[in-house]
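The values are calculated or read from the model by the stated rules, or taken from the named source; none is laboratory data. Keep in mind that what you see is a predicted model, and the values were worked out from it rather than measured. As a convention, Cβ positions derive from the backbone with ideal geometry for all residues, glycine included, and neighbour counts pool all protein chains shown.
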Amino acid sequence: MPAEWRKHLESAGPSRMRIRQHGDMKTDAILIADPEHLGEHTDDRSPAQLVNTASLNGIVGEAWGMADWHFGYGFPIGGVVATDVEAGELGGAISPGGVGFDINCGVRLCALDVEIGQINAKSLAANLSQTIPAGATGKGGVILDDTKIESVLSMGAEAAIEMGWGETRDLAAIESNGVLDTIERDIGERARKRGSKSMGTLGSGNHFLELQVVDRIVDERAANAFGLREGQVTAMIHTGSRGLGHQVCSDHVSRIEEQYQRSSEGWHAPKWNMTLADRQLAAAPIHSREGAEYLDAMNAAGNFAFANRSTLTQRLRNTLRDQLGSDGGLEVVYDVSHNIAKIEDHRVHGVSCKCCVHRKGATRALGGDHPELASRFSGIGQPVLVPGDMGTASWVLAGPASGANDAFSSSCHGAGRKLSRTAARKQIDPDKLRAELEAAGIHVHTKTPNVLTEEAPGAYKDVDEVIRLTSEANLARPVARLRPFAVIKG
């Protein structure tokens, strides 16, 4: 029997499928997909999760599933949902499930002033595997005392730079200049302890440091503005707030979930008269005590993530100096958040709205006239970083040259999983995969036994197809394709 949402599915233009409002939905939902993509990825759970998000209090516009949509905690990965912060007495909903446990998991792209033929790829990969701390623990991280961790939580990337972990010029190339507003920084002792040893570490799972070569330029003007050229070496860093962010999310999910009780209609919070289809969507009004505390703590954890990626960038610079005699002319192209909720001004169906935009497994794609962007992106658009898989490619896209797309200035954030981690372990032979990657000139170093199979290329959607759908849906335009040749994973 088909899922209920399929009865309400219709085309909404190129590479867009609309799920019409039904049941408890307060608005429509839009999937970035075409019939062929839907046919290939038949997991009914993620679109059903998107349908559930459309019942959040104060939701405005549509609930969006980017082209890399797949199943997540409460919200689907690839979910973009905005609520009106002025809705009702206490504002629209803010949901930790709409951000995820790895707060400000994100990607930083660095461009080197060297060509692929100028380096020894295998030797450099081996050196990076020794100098870039990776794995589930915080082993090898920068030790932060109470004063330093407070500085990181309040100042983000700038705090890391003041400690010698980064360059001041990097700040202009970081989303929100590497800092999110936080006042109370009410981060529990356990979260602070988990963060005290993990700054400057990759972590495990899908996190990585990857060396790539620019193998195709699609938009010359944008590529020039981003400092990218064919044959050039780039480095992509994908990680977030590590155990600190996970603990912050866990603490606040627990506090908010306590307000919800099972009812005949789903899960109900009498305190706010809010009803949800799934307890994992547990949300609080943004101006409630619980909502405001989560937003503030989330921003503090987000600052830790910015500092973490800054520290890893400097570690990469140091390794390049040892290997090449210089840092390879490394410059940060951009650093984007993939798991965050932000207060932003948007026009929704012609009406101005101050929104809380949840992006879970999605990234901003600002227009080239947005005041937050550095002048070199003027008339070009924000760099949008889309890691694919370690055997195929990643992409750099650009937001609109001016103005904003209608998905709250959002785009996809990666290829998106096709297989669960459990299914990938069962189906993929790690020794065969490693041999195939080496034969293709991709040098992979992993610290955790299962990571290679869990993160295998076959576990992910076709990133080129995801980019095609994103472009056809008019959310962001392709700029450059990056092919991996060295991968460091936890």
>> Given the criteria over 21 Å from Leu397 (Cβ atoms), surrounded by fewer than 23 Cβ atoms within 10 Å (Cβ to Cβ), at pLDDT below 95 and of a type in the set (Asp, Glu), does Asp186 qualify?
In response: yes
> Going through the range 332-386 one residue at a time, which ones are in a loop (DSSP other than H, G, I, E, B), over 14 Å from the mean Cα position of the chain (by Cα) and touching a residue at least 12 places away in the same chain (Cβ under 8 Å)?
Replying inline: His349, Leu366, Gly367, Gly368, Asp369, His370, Glu372, Ala374, Gly379, Ile380, Gly381, Gln382
> Exactly one of (1) surrounded by fewer than 17 Cβ atoms within 10 Å (Cβ to Cβ); (2) at positive phi is unmet by Glu4. Its number?
Replying inline: (2)
>> For the list (1) of a type outside the set (A, V, I, L, M); (2) within 21 Å of the chain's Cα centre (by Cα); (3) closer than 30 Å to Glu290 by Cα; (4) buried (at least 16 other Cβ atoms within 10 Å of the Cβ), I need the number of the one condition that Asp170 fails.
In response: (3)
> Could you say whether any residue in the range 452-461 is within 21 Å of the chain's Cα centre (by Cα) and of a type in the set (Asp, Glu)?
Replying inline: yes
> Looking at the range 20-40, which of its residues are surrounded by 17 or more Cβ atoms within 10 Å (Cβ to Cβ) and within 17 Å of Leu469 (Cα to Cα)?
Replying inline: Ala29, Ile30, Leu31, Ile32, Ala33, Asp34, His37
> Can you tell me which of Ala284, Ala277, Ala222, Ala235 is out of contact with any Leu (no Cβ under 8 Å at 6 or more places or on another chain), within 28 Å of Pro400 (Cβ to Cβ), touching a residue at least 40 places away in the same chain (Cβ under 8 Å) and of a type in the set (A, V, I, L, M, F, W, C)?
Replying inline: Ala222
> What residue, among those in the range 76-95 that are part of a loop (DSSP other than H, G, I, E, B) and small (Gly, Ala, Ser), is modelled with the lowest pLDDT?
Replying inline: Gly88
> Which number in (1) under 18 Å from the mean Cα position of the chain (by Cα); (2) modelled with pLDDT under 95 marks the one condition that Asn104 misses?
Replying inline: (2)
> What are the pairs, 6+ residues apart or on separate chains, where a residue within the range 55-71 that is on the phi > 0 side of the Ramachandran plot has its Cβ under 6 Å from a residue that is part of a loop (DSSP other than H, G, I, E, B) and acidic (Asp, Glu)?
Replying inline: none
>> Which condition from (1) aliphatic (A, V, I, L, M); (2) at pLDDT 95 or above; (3) surrounded by 20 or more Cβ atoms within 10 Å (Cβ to Cβ) is the one that Ala401 breaks?
In response: (3)
> Considering only residues of the range 275-294 that are hydrophobic (A, V, I, L, M, F, W, C) and surrounded by fewer than 24 Cβ atoms within 10 Å (Cβ to Cβ), which is farthest from Thr53 (Cα to Cα)?
Replying inline: Ala292
> Only one of these conditions is not met by Arg262: (1) part of a helix (DSSP H, G or I); (2) without any contact (Cβ under 8 Å) to a residue 40 or more places away in the chain. Which number is it?
Replying inline: (1)
> Got at least one residue in the range 373-386 being among the β-branched types (Val, Ile, Thr), surrounded by fewer than 17 Cβ atoms within 10 Å (Cβ to Cβ) and in contact with a helix residue (DSSP H, G or I) (Cβ under 9 Å, 6 or more places away or on another chain)?
Replying inline: no
>> Just checking, does the range 299-315 include any residue being buried (at least 24 other Cβ atoms within 10 Å of the Cβ), within 24 Å of the chain's Cα centre (by Cα), at pLDDT 95 or above and more than 23 Å from Arg194 (Cα to Cα)?
In response: no
> Of everything in the range 41-64 that's within 16 Å of Gln280 (Cβ to Cβ) and under 18 Å from the mean Cα position of the chain (by Cα), which residue is surrounded by the fewest Cβ atoms within 10 Å (Cβ to Cβ)?
Replying inline: Ser46
>> Take Gly266 and tell me if it is on the phi > 0 side of the Ramachandran plot, at pLDDT below 95 and surrounded by fewer than 20 Cβ atoms within 10 Å (Cβ to Cβ).
In response: yes
> In the range 183-202, is there at least one residue being in contact (Cβ under 8 Å) with a residue 12 or more places away in the chain and within 24 Å of Pro371 (Cβ to Cβ)?
Replying inline: yes
>> For Val444, only one of the following conditions fails: (1) outside any loop (DSSP other than H, G, I, E, B); (2) in contact with a Phe, Trp or Tyr (Cβ under 9 Å, 6 or more places away or on another chain); (3) modelled with pLDDT under 95. What is its number?
In response: (2)
> Only one residue in Arg425, Arg421, Arg468 is in contact with a Ser or Thr (Cβ under 6 Å, 6 or more places away or on another chain), surrounded by fewer than 20 Cβ atoms within 10 Å (Cβ to Cβ) and more than 23 Å from Ala121 (Cα to Cα). Which one?
Replying inline: Arg425
> Does Ser204 satisfy being under 22 Å from the mean Cα position of the chain (by Cα), hydroxyl-bearing (Ser, Thr, Tyr) and surrounded by fewer than 23 Cβ atoms within 10 Å (Cβ to Cβ)?
Replying inline: yes
